[in-house]
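Trainee: I'd like to ask you about the structure that follows.
The values are calculated or read from the model by the stated rules, or taken from the named source; none is laboratory data. Quick caveat, the model's predicted, so the values are computed rather than measured. Because the Cβ atoms are built from the backbone with ideal geometry, glycine has one as well, and the counts that use them run over all protein chains shown. Accessible surface is based on the protein model in full, side chains and every heavy atom, while ligands, DNA and RNA are left aside. Shrake-Rupley method; radii C 1.70, N 1.55, O 1.52, S 1.80 Å.
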Amino acid sequence: MDKPTSPSREDLSDLIPRFDQRGMDLGLERMQQALQAMGNPCASIPAIQVVGTNGKGSIASFIASSLKAAGIRVGLTTSPHLVSWCERISSDGELISIVELRQRLTALQPLAQTHRLTPFELLMATAFDHFRSREVELLVLEVGLGGRLDATTAHPYRPIIAMANIGLDHCEHLGYSLEEITAEKSAVISPGAAVISARQQAEVASILEDKAKHQQARLQWVSPLPEHWDLGLPGVLQRQNAAVAKGALESLAPLGWRLNQDVIRTGLAQAYWPARLQTVHWQSQPVLIDGAHNSPAAERLAQERQQWSNQEFGVCWVLGLQAHKQAPAMLRHLLKPSDLAWIVPVPEHCSWTQHQLAAQCPDLSSQLQSADNVEQVFSILLKQNRWPNPPPVVAGSLYLLGDLLAKQTIKAE
């Protein structure tokens, strides 16, 4: 998918209630009733539902990019956004405009109030409304949280399930074991569906196999794509996500869409998904940003570093970690003895501090520094004799990265 023009950050607080004010309220009934009141937009349009813990957005991007390359009109929903609410809804690779988004949100306010829709449910209703007007042929729906009670699961026609890596995250909502979390996510598998997954941990794989068997669904395990496949997203682990996307695309054949390999190759090579091992520049200096925001993602990022030149001499991390995340475990995945980590607050979110992390990880305390924000760290680094090589890595929260990308001082490639 071509890189979209970056929309400006806009205020929609008059139309979308704050997530922390409305609270987390998982359930399907509100969304189903709201869609029925809207005339069930897109109910007959098949959807590829993308489920999992880490890699959902990358898989969705690979799929949507390939469908666009094939000339199929596709509606895509993703979450969260980095800079603009518009990023969550796109059709044929084009983000919904802020003007249309505001118009549709305004028109749906009475419905949202009647059915007490959460912010995510309201945005999904807006997306279906938008897709109906665009007459899309196919949907790609990234699950927001969990699966069983997620608003995307209210869509009645989900014949293909693309399963990303499943790990521990959002435990306060989904459960504190892999088994509980997998049960929530595997519940999206509908009767007869095609389910595509890359390698999972043994306990996860067992539950997926049992659920697929119970639903008479076809579960396909795929291997990472080989290096001769060009991918638009950097990182060794994207080969696993791309393989899941390829499997999902090939599963469209029984529905009437038979994509040839050249089209799929083109789509995977053109995929764009920001803040995933993305290189940006601050005052002409390279910076790597990555959306690793939980322990499994941090473990994967630690694996990726093995591919970086000079990483054995140390990596400079700039980390913003929300207070409800397993930050000590993330630190232990990321930090090697020669590394240094600057701890910064996540803007507008309760965050771990350097002192708290030092108390939890006393053996790492000498490697931890504190700063007020990311740019303060960059300024300190710039005053040193040379810019770090490999470049400093900013990670820990997508909200942190979104705030950084919204600044005029950051130039994205």
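Trainee: Please compute the contact order of the chain in relative form: average sequence separation of alpha-carbon pairs under 8 Å and at least six residues apart, divided by the residue count, as a percent.
Mentor: The normalised contact order for the chain reaches 17 percent.
Trainee: Hey, any idea what Rg/Rh is for the range 25-81, computing Rh the Kirkwood way over Cα pairs?
Mentor: 1.02
Trainee: Do any trypsin sites (Lys or Arg not before Pro) in the range 234-295 lie in a DSSP loop with no more than 14 other beta carbon atoms within 10 Å, and if so, which?
Mentor: Passing sites in the range 234-295 are 258.
Trainee: Can you tell which of 368, 149, 381 shows the greatest fluctuation in a Gaussian network model of the chain with Cα springs below 10 Å?
Mentor: 381
Trainee: Of all DSSP beta bridges located in the range 299-413, what percent are antiparallel, nearest 5?
Mentor: Antiparallel bridges: around 10 percent, rounded to the nearest 5.
Trainee: Continuing with the same structure: Exceeding 18 Å between C-alpha atoms, which entries from my cross-link table qualify? They are 185/325; 185/211; 56/246.
Mentor: Pairs exceeding the cut-off: 185/325.
Trainee: Arrange the peptides 60-68, 291-299, 357-365 so that the one whose residues have, on average, the most other Cβ atoms within 10 Å appears first.
Mentor: 60-68, 291-299, 357-365
Trainee: While we're looking at this one, here's another question. At 1.4 Å probe size, put 92, 150, 372 in order of accessible surface, largest to smallest.
Mentor: The residues order as 372, 92, 150, largest area first.
Trainee: Report the residue, chosen from 313, 128, 120, that carries the largest GNM mean-square fluctuation when the chain is represented by alpha-carbon nodes joined by springs under 10 Å.
Mentor: With Cα springs under 10 Å in the chain, the top fluctuation among 313, 128, 120 is at 313.
Trainee: Right, another one. D for the range 69-141, whole µm²/s, Stokes-Einstein with Kirkwood Rh over alpha-carbon pairs at 4 °C and 1.567 mPa s: what number?
Mentor: 103 µm²/s
Trainee: Starting from the Cα of residue 411, draw a straight line to each of the lysines and keep only those under 17 Å, dropping any in the same chain fewer than 8 residues away.
Mentor: Straight-distance partners of residue 411: 3.
Trainee: Go ahead and set up a Gaussian network model of the chain, Cα springs under 10 Å, then flag whichever of 110, 254, 224 fluctuates most.
Mentor: Fluctuation is largest for 254.
Trainee: Sticking with this structure for a sec: Can you give me the Rg/Rh ratio for the range 315-413, using Cα atoms for both radii and the Kirkwood formula for Rh?
Mentor: 0.95
Trainee: A further question follows. On a straight-distance basis, which aspartates and glutamates could pair with residue 213 in a cross-link, Cα separation under 16 angstrom, same-chain partners fewer than 8 positions away excluded?
Mentor: Correct list for residue 213: 203.
Trainee: Measuring with a 1.4 Å probe in the full set of protein chains, what accessible area per residue, in whole Å², belongs to the range 299-369?
Mentor: Per residue, the range 299-369 has 48 Å² of solvent-accessible surface.
Trainee: Along the Cα→Cβ direction, 7 angstrom out, place labels at residue 356 and residue 336. What is the inter-label distance in nm?
Mentor: 2.9 nm
Trainee: Quick check for you: with a 1.4 Å probe and neighbouring chains kept, what is the accessible area per residue of the range 202-280, in Å²?
Mentor: On a per-residue basis, 49 Å².
Trainee: To continue, here is another question. Assuming R0 = 45 Å, can you tell me the calculated FRET efficiency for the pair residue 33 and residue 370, based on Cβ-Cβ distance, to the nearest 0.05?
Mentor: Efficiency, from the Cβ-Cβ distance: 0.40.
Trainee: Turning to a different aspect of this structure: Given a Förster distance of 51 Å, report the FRET efficiency between residue 11 and residue 214 from their Cβ-Cβ distance, rounded to the nearest 0.05.
Mentor: Result of the calculation: an efficiency of 0.65.
Trainee: A further question on this structure: Can you compute the helix-only [θ] at 222 nm over the chain? Use -39500 (n - 2.57) per DSSP H run of at least 4 residues, normalise by all residues, nearest 500 deg cm²/dmol.
Mentor: -10500 deg cm²/dmol
Trainee: Still on this structure: What share of the DSSP beta bridges in the chain is antiparallel, in percent to the nearest 5?
Mentor: Taking every DSSP beta bridge within the chain, about 30 percent pair in antiparallel fashion.
Trainee: Reachable aspartates and glutamates from residue 407, Cα under 12 Å, same-chain residues fewer than 8 places away excluded?
Mentor: 375
Trainee: If r is the Cβ-Cβ distance from residue 279 to residue 236 and R0 is 25 Å, what FRET efficiency results, to the nearest 0.05?
Mentor: 0.95
Trainee: Separate question: GluC sites (Glu not before Pro) within the range 8-97: which are DSSP loop residues with at most 13 other Cβ atoms inside 10 Å?
Mentor: 10
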